[in-house]
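Here the structure comes first, spelled out in structure tokens, and everything after it is commentary.
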Amino acid sequence: MFVAGERIKEERLKFLLDLLNTRSEAFSMAGGWLNQWPWIRFFLPERSGYTLIKKMNREISDIIKESIMKHKQKLTAGKDFIYSFLEEMNDNKETFTEEQLKVICLDILIAGSQTTSNVLEFAILTVLRDKNIQEKIYNEIFNTLGDNIPSWTDTSRLVYTMAFLSEIQRYFTIVPIAGPRRALNDIHMDGFVIPKETTVLISVGDVHFDPNIWEEPEKFMPERFIDSKGNLKNIEHMYPFGSGRRRCPGDSLAKSFIFIVFVGIMQKFRIECSNGVLPSEKPIIGLISSARPYTAEFIPRQ
């Protein structure tokens, strides 16, 4: 609604999300090969992933172009981001271009859909695999909220639930590589020199598993985010949304969305294994991390 002024129909939304998932998974292999040897696309377009990425980009671009065209024809009611950008583009065509608008819409789609939904996928997968954690979360929600609808203001009361979601974002780092950034000057760090104009990528996943920062980092422990007084810790080395001036602008919205949806699900349903075989917790690592496909039963709580 904020970007295009209208809801995406469920069938179209599923198609779009499937495209984005396929695209991000392709980067785990294709991004590496094509970045190191760009010429490989001419000899091995299929195996390098070039053909797949090109096809995905074209299909996603067509969806965005269709929405932009509807705005140009004034077929969408209300005021939204695309209308605002088109107005600026008409006033200053040198600074604002339609190509920029397409790229920004793509960024918003990727950042606003896959990241938050993947956190929820990992959260549901984890409570499915660990009944003790699931019941501990449910008991905290039931004893604190009862049947009341959850809101962001409940985070200070649902301490274990918030610690669990924080650990999900550490243990299953959704964006394992943050960046890119550009060095504006020569930088000397730990005996190394990063030359000016170097493109820098930040391995957030390695930071989240650094044994010098975390106790037993390979172990899933929500309790690491709770202090001796039972309050949530504000841990410095957590970067699920980046850091500094260029951290994710949707930080607050994503956190509240994840919390409210997850608490709402846990409040109403018991999550069980659907086929008797626990799904793997090993993620698929691509442009972002995603859970391997799994099924679950959502059984209404009495």
Output for Cβ contacts, cut-off 9 Å, separation at least six or different chains, first residue without any contact (Cβ under 8 Å) to a residue 40 or more places away in the chain in segment 278-293, second outside any loop (DSSP other than H, G, I, E, B) and among the hydroxyl-bearing types (Ser, Thr, Tyr), reads none
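Only one residue in Leu101, Leu17, Leu13 is under 26 Å from Leu287 (Cα atoms), at pLDDT 75 or above and assigned to a helix (DSSP H, G or I), so which one is that?
None of the other options fit; the residue is Leu101.
If a residue has to be among the basic types (Lys, Arg) and either surrounded by 21 or more Cβ atoms within 10 Å (Cβ to Cβ) or farther than 14 Å from Leu165 by Cβ (or both) to count, how many in segment 123-138 make the cut? Give the derivation first.
Initial filter on segment 123-138 (among the basic types (Lys, Arg)): 129, 131, 136.
Within this subset, residues satisfying the condition of being either surrounded by 21 or more Cβ atoms within 10 Å (Cβ to Cβ) or farther than 14 Å from Leu165 by Cβ (or both) are 129, 131.
The total comes to 2.
On the given criteria, is Trp33 at pLDDT 80 or above and aromatic (Phe, Trp, Tyr)?
Details: at pLDDT 80 or above: no; aromatic (Phe, Trp, Tyr): yes.
No: the conditions fail for Trp33.
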Is it the case, given these coordinates, that Arg224 is assigned to a strand (DSSP E or B) and surrounded by 14 or more Cβ atoms within 10 Å (Cβ to Cβ)?
no
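Is it the case that Lys93 is more than 24 Å from Gly286 (Cα to Cα), exposed (fewer than 14 other Cβ atoms within 10 Å of the Cβ) and among the basic types (Lys, Arg)?
Taking the combined requirement at face value, the residue satisfies it.
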Is it fair to say Thr199 is among the polar types (S, T, N, Q), loosely packed, with under 14 Cβ neighbours inside 10 Å and without any contact (Cβ under 8 Å) to a residue 12 or more places away in the chain?
no
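Please specify each residue of segment 85-103 satisfying the condition of being within 10 Å of Ile68 (Cβ to Cβ) and either in contact with a Leu (Cβ under 6 Å, 6 or more places away or on another chain) or among the β-branched types (Val, Ile, Thr) (or both).
Phe85
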Which numbered condition Lys229 misses (of (1) modelled with pLDDT of 90 or more; (2) buried (at least 17 other Cβ atoms within 10 Å of the Cβ); (3) assigned to a loop (DSSP other than H, G, I, E, B)):
(2)
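The values are calculated or read from the model by the stated rules, or taken from the named source; none is laboratory data. These numbers were taken from a predicted model, which means no experiment stands behind them. FYI the Cβ positions are ideal-geometry reconstructions off the backbone, even for glycines, and counts take in every protein chain you see.
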